[in-house]
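Structure record follows, encoded as structure tokens.
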Amino acid sequence: MTTETLIWLIPLPPLLAFSLIILFANRNKALSHMIALGGAVLSWAFAMLVFVRALGVHELAKEPFASAINWIPTADTWLRVGVLVDPLAAIGLFFVAWTILMIFVYSVGYHNFGQPAGEHDTPGLPPHGATIERDGHKHKVPSVEPLYSRFFAFISLFAFGMFTLVVSDNLLTLFVGWEVMGLCSYLLIGFWYAKPSARDAGVKAFMTTRVGDVFMLLGIAFVYSATGTLSFRGIFEPRVLQTLASVPTPILGLSAAGLIGLLLFIGTVGKSAQFPLHVWLPDAMEGPTPVSAMIHAATMVSAGVFMVIRIFPLLSLDPRTMTIVAFVGAFTALFGATIAVAQNDIKRVLAYSTISQLGYMIAALGAGAYVAAAFHLVTHAFFKALLFLGSGSVIHGMEHGVLHTAKHIDAQDMFSMGGLRRKMPITFWTFLIGGLALSGFPLVTAGFWSKDEILASTYGGHMAVFVTLAIAAFLTAFYTARQLTLTFLGEPRTDAAAHAQESVWSMTLPLVILSVFAVGLGWVGIPEHFPGIGGIVPNWFHQFVGSTLGELRQAEFSWIPLITSLVVALGGLLVGWMAYRNVRSTTQDPLQIPVLKNKWYVDEIYSALLIKPCVWIAETLVYQIMDKGLIDGFLHLFGKGTAAIGGGLRTIIDKPVINAFFGDGTSWVVQGTGRTLRPMQSGRIQQYMVASLLAIIVLAGLAYFLSVSF
Amino acid sequence: MIPLSWYLILSAGLFSVGLFGVLSRRNAIAILLGVELMLNAVNINLVAFWRYGSVADMAGQVFAIIVFAVAAAEVAVGLALVISVYRQRRTVIAGDLDMMKW
């Protein structure tokens, strides 16, 4: 089978799985996860096959695998859509396929497949646990998720969206994949739809990303109207790029290329949760953990960064846009990190960490280091998915403890945990690897290599970005150490933590596999100038991905970024560990600062500035005043007027003329006539005879006179 | 011979009296009396025209005989009706028998 055909086929198995599950397998849990896993495995197999073939092609960037078909007829040409696998898409396929497959496998165990159904479990709420009899003893065990099949259907649809986005060769199908994922994000965040917080979170996510998507669509429309094409290779032709760069626009003095880049970037601001559209991501933690891992760590938010890397040739034409991008990225990196240090929920820390890390990638892109950003994208996908899945395993272990001890505590609060390294060893070691990768622990973790490359690229040319990212890296290491210490080290702080249990193999196997990548993936991107080991292995990643845009200068080696990254990583880890070693409860936590805990009050500001006025406009202004008052008032007035006219006409014309004169009058006349003539029929024979006598006299007289006159 | 017109005037006068009686008498039997008078007046008329016309033609006399017979039969029937009505209505005043109306 040709590679192009394979590429076309990659997004299809999960779509097919979605349809089959929805139509046929909704009641059968085993069948639905088989179908979903089958779809994921097929896509993974095709993606890996394409990846391997792509590796074998010399100069993939100049001759990518590409195939397109005519789709929408426009005047005398067609809008063509198709697939394109150049080096960027190849590595995109790699990390997307692996993370999606791992998360699908994990979901089987996460939703407690094989466990009994809980007595009080209702569809739409998280399962509470089932009571079983064992040895005459009643035990509470975790129960299976009631909406199991629905979950697998939705994540299959999501996988379809992501694969479509990665392989597409034009902005239109990329946007289609983008929106499909947005929909699935909404459906999956609100998966437990009976929880009001989950419902609201789903709506918030969709609305916020929608704001970004509107601008992105404007950008797409602008591109199409300016160039007549939406395919990447069409837009990135040197001639086209030059034209776009030279046409000025009235907004901010940007060239057309800059404005398009900015508009498309705003889409990423929404989708990848950059400031100011980041507010949806922490609330999105209401969804089940595999959702958090897949959508909000590894793939969907990465799609925003992926798209920016894709349009990098366009974006890089205007230095002002690049500055905006770099600023937003760096600011978000620091912003997210400052909030993460004050969060107590294990998933919230990771959510803000994701926001921060995405800020890293965006900042790198703004500084022009797109290979570094792509590298960090791939490594981040793996170790963030690992961390989220690990946190899900921790939460499951804690919930097991909660069921055992029958005390109601928040299973996600890190201050209820502690000492879990003994109870959940596999989770501990894999989470540790992920955490160290996130912090950038030197040499043995992938995060180190990618973060180091970003720092190295921003040093020198963009010092403000460099300093911000360095501080954010310190905070990252700090809150990671805080998280690790509070969760796994020390002693259990509650009974539930003391009774925690390791998770099933379907949950721990993906953790192990992902941790292999979290460790080893960095070694494909060792810079050549690295002291000691640099140059032993060629910087394959840089060559492979860098070739997408032609020659790219390798950053000049400098000691300072390397030293900085070592210092902040190790220093942050050490300080975090030491600060939280002996902390027993939140009162001893020095960082429970209200501003940080409350996320810099951004949600409250938005609520006061944007939401309340919007609700007021809708409820009061438009509904009460305009709709009910004006429009309905006008209609009521109109109605009353018409009724008055009708009444008047009735009084003036209808009643006196029609009713009285014609109606009653006619009957009066007829009755009168009858009354007058009736006595003629008196029934008295003598009267009849008089009448006939008169008639005879008259007729005789008439006959006589008439006959005489002739 | 006396002029025909004397017989005719007599007949007319008798007829008028009879008609007057029919139209103005209350009692039904009296109305029948008036009817008889009218019929007899007609008979006088018929016989007069026969006598003063062609005597040989018997049609005039035959007509008069038939009129007698019919008058008698009719009176019989009329009286029977009056008796029947009296039995029902206990009245012989023609003006009270006004059921045949609207």
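The values are calculated or read from the model by the stated rules, or taken from the named source; none is laboratory data. Fair warning: this is a prediction, and the values are worked out from it, not measured in the lab. Positions of Cβ are backbone-derived with ideal geometry, glycine not excepted, and every protein chain shown enters the neighbour counts.
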- [ ] Identify all residues within the range A:395-431 that are under 15 Å from A:S515 (Cβ atoms) and crowded, with 18+ Cβ neighbours inside 10 Å; write none if there are none.
- [x] A:M424, A:I426, A:T427, A:F428, A:T430, A:F431
Open item on the list: When you check B:S54 against the structure, is it in a loop (DSSP other than H, G, I, E, B), polar (S, T, N, Q) and either more than 19 Å from the chain's Cα centre (by Cα) or closer than 17 Å to B:V35 by Cα (or both), yes or no?
Closed with: yes
Open item on the list: Any residue that is touching a residue at least 60 places away in the same chain (Cβ under 8 Å) and part of a helix (DSSP H, G or I) - is there at least one of those in the range A:603-620?
Closed with: yes
Open item on the list: Condition first: among the aromatic types (F, W, Y) and farther than 29 Å from A:Q687 by Cα. Now tell me which residues in the range B:45-102 satisfy that.
Closed with: B:F49, B:W50, B:Y52, B:F63
Open item on the list: Looking only at the range B:73-102, count every residue that is more than 14 Å from chain A (Cβ to nearest Cβ) and of a type in the set (V, I, T) and tell me the total.
Closed with: 3
Task: Residue check for B:I83: touching a residue at least 60 places away in the same chain (Cβ under 8 Å) and within 30 Å of A:R678 (Cα to Cα) - done: no
Task: Out of A:L509, A:L455, A:L469, sole residue that is within 29 Å of A:Y110 (Cβ to Cβ) and part of a helix (DSSP H, G or I) - done: A:L509
Open item on the list: Between A:S707, A:S692, which is more than 14 Å from chain B (Cβ to nearest Cβ), part of a helix (DSSP H, G or I) and closer than 30 Å to B:V22 by Cβ?
Closed with: A:S707
- [ ] Could you list, in sequence order, all residues of the range A:278-292 that are buried (at least 24 other Cβ atoms within 10 Å of the Cβ), touching a Ser or Thr at 6+ places or on another chain (Cβ under 7 Å) and not in a helix (DSSP H, G or I)?
- [x] A:H278
Open item on the list: Looking only at the range A:18-38, how many residues end up being out of contact with any Leu (no Cβ under 6 Å at 6 or more places or on another chain) and either part of a loop (DSSP other than H, G, I, E, B) or more than 20 Å from A:V144 (Cβ to Cβ) (or both)?
Closed with: 7
Task: Selection status of A:L514, within 30 Å of A:V583 (Cα to Cα) and modelled with pLDDT of 90 or more - done: no
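Each row is one residue, and each column tells you yes or no for (1) charged (D, E, K, R); (2) surrounded by 22 or more Cβ atoms within 10 Å (Cβ to Cβ); (3) under 20 Å from A:F191 (Cα atoms).
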site: A:H33; (1), (2), (3): no, yes, yes
site: A:E63; (1), (2), (3): yes, no, no
site: A:V85; (1), (2), (3): no, yes, no
site: A:F95; (1), (2), (3): no, yes, no
site: A:A117; (1), (2), (3): no, no, yes
site: A:G136; (1), (2), (3): no, no, no
Task: Residue identified as touching a helix residue (DSSP H, G or I) at 6+ places or on another chain (Cβ under 9 Å), modelled with pLDDT under 90 and not in a helix (DSSP H, G or I) among A:L60, A:L6, A:L55 - done: A:L60
TODO: Name the single residue, out of those in the range A:596-605 being within 23 Å of the chain's Cα centre (by Cα) and surrounded by 15 or more Cβ atoms within 10 Å (Cβ to Cβ), that is nearest to A:N344 (Cα to Cα).
DONE: A:K599
Task: the range B:1-40, residues that are away from chain A (no Cβ under 14 Å) and not in a helix (DSSP H, G or I) - done: B:M1, B:I2, B:P3
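What residue, of A:G665, A:G672, is surrounded by 11 or more Cβ atoms within 10 Å (Cβ to Cβ) and either outside any helix (DSSP H, G or I) or more than 14 Å from every other protein chain (Cβ to nearest Cβ) (or both)?
That would be A:G665, the only listed residue that is surrounded by 11 or more Cβ atoms within 10 Å (Cβ to Cβ) and either outside any helix (DSSP H, G or I) or more than 14 Å from every other protein chain (Cβ to nearest Cβ) (or both).
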- [ ] Quick one: count up the residues across the range A:206-245 that are surrounded by 18 or more Cβ atoms within 10 Å (Cβ to Cβ), among the small types (G, A, S) and outside any helix (DSSP H, G or I).
- [x] 1
Task: Unmet criterion (only one of (1) modelled with pLDDT of 90 or more; (2) surrounded by 17 or more Cβ atoms within 10 Å (Cβ to Cβ)) for A:V203 - done: (2)
Open item on the list: So, A:K628, is that one under 60 Å from the mean Cα position of the chain (by Cα) and either away from every other protein chain (no Cβ under 13 Å) or farther than 30 Å from B:I31 by Cα (or both) or not?
Closed with: yes
TODO: Could you tell me which numbered condition A:L42 fails, if it satisfies all but one of (1) in contact (Cβ under 8 Å) with a residue 24 or more places away in the chain; (2) more than 26 Å from A:S506 (Cβ to Cβ); (3) surrounded by 15 or more Cβ atoms within 10 Å (Cβ to Cβ)?
DONE: (2)
Open item on the list: Restricting to the range B:46-89, name every residue that is of a type in the set (F, W, Y) and within 19 Å of B:F15 (Cα to Cα).
Closed with: B:F49, B:W50, B:F63, B:F68
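Could you list, in sequence order, all residues of the range A:173-198 that are surrounded by fewer than 18 Cβ atoms within 10 Å (Cβ to Cβ) and part of a helix (DSSP H, G or I)?
A:V176, A:E179, A:L183, A:P196, A:S197 - these are the residues of the range A:173-198 that are surrounded by fewer than 18 Cβ atoms within 10 Å (Cβ to Cβ) and part of a helix (DSSP H, G or I).
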Open item on the list: B:L46 - would you say it is within 14 Å of chain A (Cβ to nearest Cβ) and in a helix (DSSP H, G or I)?
Closed with: no
TODO: Name, by its number, the condition in (1) in contact with a helix residue (DSSP H, G or I) (Cβ under 9 Å, 6 or more places away or on another chain); (2) outside any helix (DSSP H, G or I) that does not hold for A:G461.
DONE: (1)
